[in-house]
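Structure first, commentary second.
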Protein chains: 2
Amino acid sequence: MDLQLLEHRVRVTSIDKSGLAFYTHPLVKLIFLPHHTRCKFFSLTESPEDYTVMLDEEGFKELPPSEYLHVAENTWRVMNVLANGFSCSAVPNVGVTKIAKSVIAPLAEHNVSVLMLSTYQTDYILVREEDLPVVFNTLSGDLRIYKDENGELVPFNLGESSKEMKKDVLFNQTVHPVLSPQNKFCILSIDPNALPSISSILLDVMFYSNTSQNRTPASSPEIESINFFAFSLIDGYISIVMDSETQKRFPTNLLLTSSSGELWRMVRIGGQPLGFDECGIVAQIAGPLADSDISAYYISTFNFDHALVPEEDIDNVIQLLRKRQESHR
Amino acid sequence: MDLQLLEHRVRVTSIDKSGLAFYTHPLVKLIFLPHHTRCKFFSLTESPEDYTVMLDEEGFKELPPSEYLHVAENTWRVMNVLANGFSCSAVPNVGVTKIAKSVIAPLAEHNVSVLMLSTYQTDYILVREEDLPVVFNTLSGDLRIYKDENGELVPFNLGESSKEMKKDVLFNQTVHPVLSPQNKFCILSIDPNALPSISSILLDVMFYSNTSQNRTPASSPEIESINFFAFSLIDGYISIVMDSETQKRFPTNLLLTSSSGELWRMVRIGGQPLGFDECGIVAQIAGPLADSDISAYYISTFNFDHALVPEEDIDNVIQLLRKRQESHR
């Protein structure tokens, strides 16, 4: 398996729920009228806490500063998995499980914070730009890292000067509580040319759903259903993760799913904001799932991490993760 | 000819060009997701100076106060023309010329300020709520005024107490300079059910056109082409006035025009803001046009008035209005 280091230099931001109206103008532009911007990497994820927006520097210019916008200090670089030497953007994604052992675990062991963004097409692994030397030195033994140069993939080479590496640290031992909301999710794509046909519904769902769509509290207070919606437009490919109830509002013929009617349950990590400096959070989940060969999508937000696993595996997953928690007590 | 006094209680507002992003969230809701509001009267007109928004009290609640929003003090009431005892909302409008003599001129003579809003479907005449007694007493000799009561039209009756009338004043003698920009306009409608199909283009034109669409300065500095775009959604009917160049961006099969390819030229009144307290401005144009039997649409904005006349009549109209100006010097 090979990785590609993409050109995008990404900023990770959080918009307060109360500030959405203030950012509707630039967000609508980035989502529906991307030809008006030079942004090539855009991701918006609504979670109960906030809107997490990850976007490249061209996109970031569109967001005016305000009290509602919180910006992570660092610039993040993006890697994705190459299948047979080619980016797998054109074929449906099979989840992060395959990279758990070879990418996520080694990075966690070397104290590298990782943000994950799984999409319909592929899995993006975001690391701090300043961590690139460690990332390269950690991973280049077992896999090859390429970059695009004038349309050709060439091996990525760090300068001689930057071969230093952080000291190995113990694998992070903080084990976060795991919540599993009751709603089911689907992972979809749509041809960008068809996006205008669903723009009214998308506008409604993304910018006006908080007032009209109040979730019924679930029977168990511990595991409620949550508002979660993710939209990304990266290198011309659209990916949408939505609740199966929300999906009913869209015309069925335009949205692409990897397999008909496949639904996913969410495992949400953390009872309090995780912070960017804690490493190994993705590894905590991805590892056990890989051991049991359970596929998963993974979406990091500003404060939490979210894994999506096949509906039929959820009980198994919760059991696995609880076992892990108990073994760490 | 009969008039109907509608239920809508309308506020007249102006949004600074620089404040559009701040109001994108509520405006998109009012335009594309009206089912999320109780607004039944909404009109947005972009002119070079500002965005004029006229909307009923339910709609007005959606606009948060800010330094960008200017609100005319009064509440305005809306009348429209009844054809054969029925509101003519369902059939294409024939312009304000027919009401010039019977409505506009008498109101001007009685010092009643009038805002006009012509749409594809009908002409709306807006008067201050406090002027209703004068309006009623001025007009009820020559025509009947109805209102809707539980779905039936009944004669509108002022209480006995409100039969006072302002003193007659001399017909307003201020004659404003008349400008005629070079671009051509069309007056269109679309089935509200088809609006989602053009929402991406509409979003672009209404909220993102200032940066991407810089008008070429016209050859004559005196008569330039201008940015002018009007959208209204009133009692479920949509009307759009746009530049013929802008129209080319829309799919041809969805927009309805009253007659194929009919284009209109604009006569713009005033070299400086008119203010709401000057009466007879509409009458200044509507009168001469009615004398010459030239049809016209009429759209008032916060600062200016705009008449649209058939392309082939524009030279004639300018000549008529200039003659009028000269006779007042």
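The values are calculated or read from the model by the stated rules, or taken from the named source; none is laboratory data. The shown structure was predicted, so the numbers you read here are calculated from the model rather than taken from an experiment. Cβ atoms come from the backbone with ideal geometry, glycine included; neighbour counts cover every protein chain shown.
Identify, please: which residue in segment B:1-43 is hydrophobic (A, V, I, L, M, F, W, C) and in a loop (DSSP other than H, G, I, E, B) and is, among those, farthest from the chain's Cα centre (by Cα)? The residue in question is B:LEU33.
Of all residue pairs spaced 6 or more apart or on separate chains, those with beta-carbon atoms under 9 Å, a first member in segment A:21-41 that is within 10 Å of chain B (Cβ to nearest Cβ) and a second member that is assigned to a loop (DSSP other than H, G, I, E, B) and among the aliphatic types (A, V, I, L, M) are A:TYR23/A:LEU63; A:PRO26/A:LEU63; A:LEU27/A:LEU63.
Taking B:PRO48 as the residue in question, decide whether it is within 14 Å of another protein chain (Cβ to nearest Cβ) and surrounded by fewer than 24 Cβ atoms within 10 Å (Cβ to Cβ). For B:PRO48, the condition - within 14 Å of another protein chain (Cβ to nearest Cβ) and surrounded by fewer than 24 Cβ atoms within 10 Å (Cβ to Cβ) - is not met.
Only one of the numbered conditions (1) in a helix (DSSP H, G or I); (2) over 12 Å from the mean Cα position of the chain (by Cα); (3) touching a residue at least 24 places away in the same chain (Cβ under 8 Å) is violated by A:GLU312, and that is (3). Against the conditions (1) out of contact with any Asp or Glu (no Cβ under 7 Å at 6 or more places or on another chain); (2) part of a loop (DSSP other than H, G, I, E, B), B:VAL112 satisfies every one except (1).
Name the residue that is farthest from B:SER14 (Cα to Cα), counting only residues in segment B:48-67 that are of a type in the set (D, E, K, R) and not in a strand (DSSP E or B). Write out each step before concluding.
Going residue by residue through segment B:48-67, those that are of a type in the set (D, E, K, R) are B:49-50, B:56-58, B:61-62, B:67.
Filter once more, so that each one left must be not in a strand (DSSP E or B): B:49, B:57-58, B:61-62, B:67.
On the way: B:GLU49: 9, B:GLU57: 15, B:GLU58: 17, B:LYS61: 15, B:GLU62: 14, B:GLU67: 11 Å.
Within segment B:48-67, the match that is farthest from B:SER14 (Cα to Cα) is B:GLU58.
So, of the residues in segment B:68-96 that are closer than 15 Å to B:PHE41 by Cα and part of a loop (DSSP other than H, G, I, E, B), which turns out to be modelled with the highest pLDDT?
Just the residues of segment B:68-96 that are closer than 15 Å to B:PHE41 by Cα, to begin with: B:75-80, B:89.
This time we only want the ones that are part of a loop (DSSP other than H, G, I, E, B), so: B:75, B:89.
On the way: B:THR75: 96, B:SER89: 45.
So, considering only residues that are closer than 15 Å to B:PHE41 by Cα and part of a loop (DSSP other than H, G, I, E, B), the one modelled with the highest pLDDT is B:THR75.
Among B:HIS36, B:HIS70, which is the only one that is touching a helix residue (DSSP H, G or I) at 6+ places or on another chain (Cβ under 6 Å) and surrounded by fewer than 17 Cβ atoms within 10 Å (Cβ to Cβ)?
B:HIS36
Only one of the listed residues (B:ASP56, B:ASP16) is buried (at least 23 other Cβ atoms within 10 Å of the Cβ) and more than 11 Å from chain A (Cβ to nearest Cβ). That residue is B:ASP56. Tally time: how many residues in segment A:206-219 are modelled with pLDDT of 50 or more and part of a helix (DSSP H, G or I)? So the answer is 4.
Count of segment B:290-320 residues, restricted to those that are under 25 Å from B:PHE231 (Cα atoms) and not aromatic (Phe, Trp, Tyr), is 17.
When you check B:GLU164 against the structure, is it at pLDDT 90 or above, more than 26 Å from B:ARG324 (Cα to Cα), surrounded by fewer than 16 Cβ atoms within 10 Å (Cβ to Cβ) and of a type outside the set (Gly, Ala, Ser), yes or no? Judged against the criteria, B:GLU164 is not a match.
Conditions tested, residue by residue: (1) within 14 Å of another protein chain (Cβ to nearest Cβ); (2) modelled with pLDDT of 90 or more; (3) assigned to a helix (DSSP H, G or I).
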residue	(1), (2), (3)
A:MET116	no, yes, no
A:GLU130	no, yes, yes
A:ASP148	no, no, no
A:PHE171	no, no, no
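Filter segment A:132-146 down to the residues that are part of a helix (DSSP H, G or I) and of a type outside the set (Phe, Trp, Tyr) and list them by number.
First, the residues of segment A:132-146 that are part of a helix (DSSP H, G or I): A:132-139.
Residues satisfying the conditions are A:LEU132, A:PRO133, A:VAL134, A:VAL135, A:ASN137, A:THR138, A:LEU139.
Among the residues of segment A:297-329, those that are modelled with pLDDT of 90 or more and touching a helix residue (DSSP H, G or I) at 6+ places or on another chain (Cβ under 8 Å) comprise A:TYR298, A:SER300, A:ALA307, A:VAL309, A:VAL317.
Name the single residue, out of those in segment A:175-205 being in a loop (DSSP other than H, G, I, E, B) and of a type in the set (Val, Ile, Thr), that is modelled with the highest pLDDT. Across segment A:175-205, the extreme among qualifying residues is A:ILE190.
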